[in-house]
1. If you take the beta carbon distance between Val32 and Arg110 as r and set R0 to 35 Å, what does 1/(1 + (r/R0)^6) give as a FRET efficiency, to the nearest 0.05?
2. Residue separation times 0.36 nm, minus the C-alpha to C-alpha distance between Leu45 and Arg19: what's the value?
3. Read phi for every residue in the range 30-42 and hand back ³J(HN,Hα) as whole Hz from Karplus 6.51 cos²θ - 1.76 cosθ + 1.60, θ = phi - 60°, with x for Gly and Pro.
4. How much length would be gained if the chain were fully extended between Glu204 and Ala179, taking 0.36 nm per residue of separation minus their Cα-Cα distance, in nm to one decimal?
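None of the figures in this text is laboratory data; all of them are computed from the coordinates on show. Remember, predicted model here, so these are calculated numbers, not experimental data. Note that we place each Cβ from the backbone using ideal geometry, even for glycine, and neighbour counts take in every protein chain shown.
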Amino acid sequence: MPGPDDLAALAAERAAADREYNEALTRLDRAVQRLPADFPRPPPLPDEQQITPLNTLWKIDAPPAGRGARVRLAAAIRRAVAPLFDQQQAFNSAVVDHLNRSVPVARATRESIASTLTVLRDTIAELVRFQSVLIGFLQQITPYVDTRDRDVAGLLRGLSGAINAVADEAMKRSEALLARERRHEMQLGDLEARIADLQRQLAELQQALAKSGK
């Protein structure tokens, strides 16, 4: 891991991280779902066109009674085949009853499939919209971080400028104090030299007075 002062290594590490992030974002964008163009449609409504005729024609009606040999012969034949007609009529009744019961079930099934497909389509559409919004959000992270970095860099530059200004002012004041101390030292040295010269002159004067008193 590069140190905080290795600017080149830090820049390379940042560039590699940005490249990996952009590649991951591209893969995520390609994985976003799409609503299929050929989304399934509900099945058609049940065919009820023949329901009314079937409810009318299922019953086998006996021919009206008549007279004559032919009628008696037909009646005899009918009595012979009556069990078959009864069985056929029972079958017709069962078929028509089954169809009458199946139509509402088919209609309800179709309505249930249609509502389920609507919910599924809306759910997928919301999921696609969420994924698109997520991609848009992730695409804003890098510019946001870069903006924050620029703000921090600007603050650091401003802080560095303020610190430099304070340091310059402190340096100027320090130099002024040093110059003032040097002037004081020079004045003090000059004063000490004058005092020493006065002391020397006073000593000479005292010696001269002492000699003249003798």
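1. The computed FRET efficiency comes out at 0.60.
2. Length gained, Leu45 through Arg19: 3.8 nm.
3. 5, 8, 5, 5, 10, 6, x, 5, 9, 4, x, 9, x
4. 5.3 nm
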